[in-house]
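First comes the structure, then the notes that go with it.
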Amino acid sequence: MDRLQLEEIIKWSLIEDIGEGDHTSQAIIDSQAMGNTALYVKEKGIIAGISFARQLIHYYDPTISINLLKTDGDVVVPGDIVFNLYGKQQSILAVERVLLNFMQRMSGIATTTRKMVDKISHTKAKLLDTRKTTPLLRELEKEAVRLGGGFNHRFGLYDMILIKDNHIDFAGGVSQAITKVEKYLIEKKLTLPIEVEARNIENVKEILQFDSVFRIMLDNFNLNDIKTAVAIVNGKKEIEVSGGINLNNIKDYAETGVDYISSGYMTHHYSSLDLSLKVTKTN
């Protein structure tokens, strides 16, 4: 995400929360009063969003200083301090909720990702995310996946060809869909990787006939059929599995011998990591 896009997200997040002003803080705290706060960790997990927090703080009040004690991707435990802030008390309170909202969610995604990655670390399979992300926050959530040890699948409809079931049905079949894509890429002078979804073993055999396809996605296959597909493909193409994969069953899928496992579980079934910003000293 470029700086201008991120600033827009920050701007509108702050407008949503602050509106015409933080009347509580303005009523209680002198506009020039300075203070110290610390971001405390209240449960074990993977911290994420520190980079975002720094940019948020700099955008709202660049006079706030931040002393980093942790780095994005670090394992944290209850009692850890992620960073200390020093600056105008009103400014710190103004950014507090937006800062926590983003960091808690990003840390939750990173933590869930790490749990899933640990489950399959004894296999060759790599965990991929999906496009099942919060609108406008995809790059931040995918960053959290990377910090948790996962890998990013495509970012949108523009950076690869992924022929799925509806494409195939509209095209009239697997081979028809692939042939049309090959023609399109030549006409548009585009170089994009092609992945194709298979719904059954016959689809797998059909896709194997196309050299242009680099990866086959086995969508909602049972474990026995996945093993059969892995044997048929025999390393000729990468194999990705998807569909209903979560923390409880990911190990079984990884042990079938596939190359990749894609799951939206990390970005829509996570629990936010419990963090708290507390005053440590006032001047």
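Can you name the number of the only condition in (1) within 24 Å of Leu4 (Cβ to Cβ); (2) touching a residue at least 60 places away in the same chain (Cβ under 8 Å); (3) assigned to a loop (DSSP other than H, G, I, E, B) that Arg105 fails?
It is condition (3) that Arg105 fails.
Can you find, within segment 210-237, the residue that is nearest to the chain's Cα centre (by Cα) among those that are among the acidic types (Asp, Glu) and within 20 Å of Ile161 (Cα to Cα)?
Asp219
Looking at Val98, Val77, which one is at negative phi, touching a strand residue (DSSP E or B) at 6+ places or on another chain (Cβ under 9 Å) and either modelled with pLDDT of 95 or more or crowded, with 21+ Cβ neighbours inside 10 Å (or both)?
Just one listed residue meets the conditions, Val77.
Those residues that are among the hydrophobic types (A, V, I, L, M, F, W, C) and over 18 Å from Asn101 (Cα atoms), I need them from segment 30-65; list them, please.
Those that are among the hydrophobic types (A, V, I, L, M, F, W, C) and over 18 Å from Asn101 (Cα atoms): Ala33, Met34, Ile64.
Asp252 - would you say it is in a helix (DSSP H, G or I), modelled with pLDDT of 95 or more and surrounded by 14 or more Cβ atoms within 10 Å (Cβ to Cβ)?
no
Which members of segment 8-26 meet the condition of being surrounded by 14 or more Cβ atoms within 10 Å (Cβ to Cβ) and under 21 Å from Lys142 (Cα atoms)? Lay out the reasoning, then the answer.
The first filter runs over segment 8-26 and keeps only residues surrounded by 14 or more Cβ atoms within 10 Å (Cβ to Cβ), leaving 9-10, 13-14, 17-18, 22, 25.
Across segment 8-26, the qualifying residues are Ile9, Ile10, Ser13.
Being within 22 Å of Ile250 (Cα to Cα) and either at pLDDT 95 or above or in a helix (DSSP H, G or I) (or both): is that true of Ile226 here?
yes
The values are calculated or read from the model by the stated rules, or taken from the named source; none is laboratory data. The shown structure was predicted, so the numbers you read here are calculated from the model rather than taken from an experiment. Cβ atoms come from the backbone with ideal geometry, glycine included; neighbour counts cover every protein chain shown.
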